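What follows is one structure encoded as structure tokens, with my remarks underneath.
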Amino acid sequence: MADDCIFCKIVAGEIPGRTVYETDSVLAFLDANPLASGHTLVIPKAHAERLDDLSAGAAADVFAAVHELTPRVESAVDADAVTVGINDGSAAGQEVPHVHVHLVPRFEGDGGGPIHAVAGERPDLSDAELDAIAADIAE
Ligand code: AMP
Ligand code: ZN
């Protein structure tokens, strides 16, 4: 548990949360300021600030929970779809420095956008630049 981490405090029961799912390694609870009804956060119980700080086992456990919960959240609020996302780092909008996956129920005509709407101006990359980036990631 990390000092002053609000999500660690929810895991420890020191502050309340509306828990919807729990295993030895994962907790899921309703977002306190939901973007849509049913907005749920899935977190590893062990503190990790960024995805890169998460163990492979914890990452697998979190995704297993996301896989199980996404259809449950969708049907619980009678949604049409779910946007699943992680703000990984402050430049991406992460405000709580404990890894969390957002499950945001989506409804036809809800006025929201796709994941493609989150980035800024799109870069105009040549084939050579795309090749170089792919090589760097694959390395
Ligand atoms: P992010 O910007 O990705 O770090 O998202 C943090 C999310 O945590 C926001 O959607 C907040 O509404 C939510 N949040 C903050 N504090 C709490 C809390 N005590 N219980 C539940 N959700 C919270
Ligand atoms: Zn934490």
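Figures for the structure shown
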item: Gaussian network model of the chain, springs between alpha carbon atoms under 10 Å - residue of 34, 16, 97 with greatest fluctuation; result: 16
item: Of all accessible heavy-atom area on the chain, the percent that carbon and sulfur account for (1.4 Å); result: 52
item: Per residue value of the accessible surface for segment 6-138 (all protein chains in place, 1.4 Å probe), Å²; result: 62
item: Angle between the chain longest axis and helix 56-76 axis [Cα atoms, degrees, rounded to 10]; result: 70
item: For a label point 7 Å along the Cα-to-beta-carbon line of residue 59, residues of segment 86-124 with backbone N under 18 Å; result: 86-90, 98-102
item: In degrees, nearest ten, helix 127-138 long axis to first principal axis of the chain (Cα); result: 40
item: Relative compactness, the chain, computed as alpha-carbon Rg over 2.2 N^0.38 Å; result: 1.17
item: Cα-centred dipole magnitude for the chain, charges only on beta-carbon of K, R (+1) and D, E (-1), debye, nearest 20; result: 620
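The values are calculated or read from the model by the stated rules, or taken from the named source; none is laboratory data. This structure is a prediction, so every number in the text was calculated from the model and none was measured. Heads up, the Cβs are rebuilt from the backbone with ideal geometry, glycines too, and the neighbour counts pull from every protein chain shown. Only protein heavy atoms, including side chains, enter the accessible area calculation; ligands, DNA and RNA are left aside. Shrake-Rupley method; radii C 1.70, N 1.55, O 1.52, S 1.80 Å.
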